[in-house]
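Report on the structure given below.
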Amino acid sequence: MPVDSAAVFAWIQRAAAQLHARRDELTQLDSPIGDADHGVNMDRGFTAVLAKFDLQGVPADIGAILKTVGATLVSTVGGASGPLYGTAFLRAGMALAGKESLSGEEVGAALDAALEGVKARGKAHAGEKTMIDALEPGIAAYHAAIAAGQDTSAALTAAVDAAEQGMRDTIPMLATKGRASYLGERSIGHQDPGATSSALLLRAMTDKG
Amino acid sequence: MTVGIVIVSHSQRLAEGVVEFVSEMAQGPVAIIAAGGKDTGELGTSLEKISRALEAAESGDGVLVLVDVGSAAMTAQVALEALSADRRARIMLSAAPLVEGAFLAAIRASMGSDLASVTAAASEATEMDKGL
């Protein structure tokens, strides 16, 4: 089944609901190694995203939906996750401009654009205890599943499994980006909040979000 | 006309304090604009505040942007990307320490120096002699 704008908007709604429900958990993850605002910031950002669509309606153009999400996150999140996730959604939106229905390959291209956006904005790569540690293995698993002939839904499920493994793999990592990096070895032993919200966003893309 | 300066900080009061201090030191007609905190005044950085400050600081000779830490640089980069190539070409982001960089940049800007010179002045902040 192709992914249409209603499916994309349903994903955004599930993401917003999950971020709200898990706000305190994300903030608690952010307190030993960050500045204890990740859950609050992401909840504020996605609440603003839903308010924006309430006001202006949901366009059929999937690229336009994602660009609205990105611009709103950059404006409302307030912490580093604002420009990072904002750039991810803006780049994905640019990759899908004018599309009203997506094939599995097009979803993959948008995920790639989002990941490249995060890497470029944060000047980061895998292994630094960041959202990239969930996104990169997740997106790689997505492409592998599509290449193996699976449909979009099955590929997204594979992506979530790999992303959640990547998220757990951040626990023993030494942070080398963001506030956590200034803690040195004390950053070890904590799951990265950004990797956690990234896995959450990928899970929301499945209907199990 | 002189090069304008934008101070991006997570704290509204910190940004305003840097502007207060540096404006006094510059003793000249330099537009030094604060872009601190979120729109609500809470700690954080705001795309809107930075975009407005970039506009307010631009007199035609360009703008130097100084940032504190973390998302300040990233949010400033996003603000720049939203501008036309022409305007973006007249804006520089400085990696200099916020207070010292703004201090040196403001004095250089007050002399009527161009954007490249003001940017170079800010970058001298890392080796600033404090008499210690």
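The values are calculated or read from the model by the stated rules, or taken from the named source; none is laboratory data. This is a predicted model, so every value here is computed, not measured. Neighbour counts run over all protein chains shown; Cβ positions are idealised from the backbone, glycine included.
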Does B:Glu20 count as more than 10 Å from every other protein chain (Cβ to nearest Cβ), among the acidic types (Asp, Glu) and either within 21 Å of A:Asp35 (Cβ to Cβ) or touching a residue at least 12 places away in the same chain (Cβ under 8 Å) (or both)?
no
Name the residue, out of A:Asp161, A:Asp112, A:Asp207, that is assigned to a helix (DSSP H, G or I), more than 14 Å from chain B (Cβ to nearest Cβ) and over 19 Å from A:Phe89 (Cα atoms).
A:Asp161
Do we find that B:Ala96 is on the phi < 0 side of the Ramachandran plot, in contact with a helix residue (DSSP H, G or I) (Cβ under 7 Å, 6 or more places away or on another chain) and part of a loop (DSSP other than H, G, I, E, B) in this structure?
yes
Look at B:Ser9 and say whether it is within 14 Å of chain A (Cβ to nearest Cβ), hydroxyl-bearing (Ser, Thr, Tyr) and within 12 Å of the chain's Cα centre (by Cα).
yes
For the range B:74-86, does any single residue satisfy the condition of being touching a helix residue (DSSP H, G or I) at 6+ places or on another chain (Cβ under 8 Å), assigned to a loop (DSSP other than H, G, I, E, B) and surrounded by 24 or more Cβ atoms within 10 Å (Cβ to Cβ)?
no
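Residue by residue, here is whether (1) crowded, with 20+ Cβ neighbours inside 10 Å; (2) more than 22 Å from A:Gln191 (Cβ to Cβ); (3) among the β-branched types (Val, Ile, Thr) holds:
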site: A:Tyr85; (1), (2), (3): yes, no, no
site: A:Ala97; (1), (2), (3): no, yes, no
site: A:Gly104; (1), (2), (3): yes, yes, no
site: A:Ala114; (1), (2), (3): yes, no, no
site: A:Gly117; (1), (2), (3): yes, yes, no
site: A:Thr130; (1), (2), (3): yes, no, yes
site: A:Ala134; (1), (2), (3): yes, no, no
In the range A:33-44, which residue that is of a type in the set (A, V, I, L, M) and assigned to a helix (DSSP H, G or I) is modelled with the lowest pLDDT?
A:Ile33
Only residues that are under 14 Å from the mean Cα position of the chain (by Cα) and either in contact (Cβ under 8 Å) with a residue 40 or more places away in the chain or more than 28 Å from A:Lys177 (Cα to Cα) (or both): list them for the range B:27-48, please.
B:Val30, B:Ala31, B:Ile32, B:Ile33
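A quick yes/no check of all residues on (1) assigned to a loop (DSSP other than H, G, I, E, B); (2) over 27 Å from A:Ala48 (Cα atoms):
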site	(1), (2)
B:Lys38	yes, no
B:Lys49	no, no
B:Ala53	no, no
B:Glu100	no, yes
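Here is a list: A:Val8, A:Val107, A:Val58. Which entry is under 22 Å from A:Asp133 (Cβ atoms), among the β-branched types (Val, Ile, Thr), touching a helix residue (DSSP H, G or I) at 6+ places or on another chain (Cβ under 7 Å) and more than 14 Å from chain B (Cβ to nearest Cβ)?
From the options A:Val8, A:Val107, A:Val58, the qualifying one is A:Val107.
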When the range A:45-63 is examined, which residues are found to be in a helix (DSSP H, G or I) and out of contact with any Gly (no Cβ under 7 Å at 6 or more places or on another chain)?
A:Phe46, A:Thr47, A:Ala48, A:Val49, A:Leu50, A:Ala51, A:Lys52, A:Phe53, A:Asp54, A:Leu55, A:Gln56, A:Ile62
Cβ-Cβ below 6 Å, separation at least six or inter-chain, first residue in the range B:119-132 and without any contact (Cβ under 8 Å) to a residue 60 or more places away in the chain, second surrounded by 12 or more Cβ atoms within 10 Å (Cβ to Cβ) and outside any helix (DSSP H, G or I): which pairs?
B:Thr119/B:Leu64; B:Thr119/B:Met92; B:Ala122/B:Ser94; B:Ala122/B:Ala96; B:Ser123/B:Ala96; B:Ala125/B:Ala96; B:Ala125/B:Pro97
Filter the range B:12-59 down to residues that are of a type in the set (S, T, N, Q), under 22 Å from A:Val77 (Cα atoms) and surrounded by fewer than 17 Cβ atoms within 10 Å (Cβ to Cβ), then give me how many there are.
1
Does the range B:66-73 contain any residue that is within 12 Å of another protein chain (Cβ to nearest Cβ), in contact (Cβ under 8 Å) with a residue 40 or more places away in the chain and at positive phi?
yes
Out of (1) assigned to a helix (DSSP H, G or I); (2) of a type outside the set (Phe, Trp, Tyr); (3) within 14 Å of chain B (Cβ to nearest Cβ), what's the single condition that is false for A:Gly78?
(1)
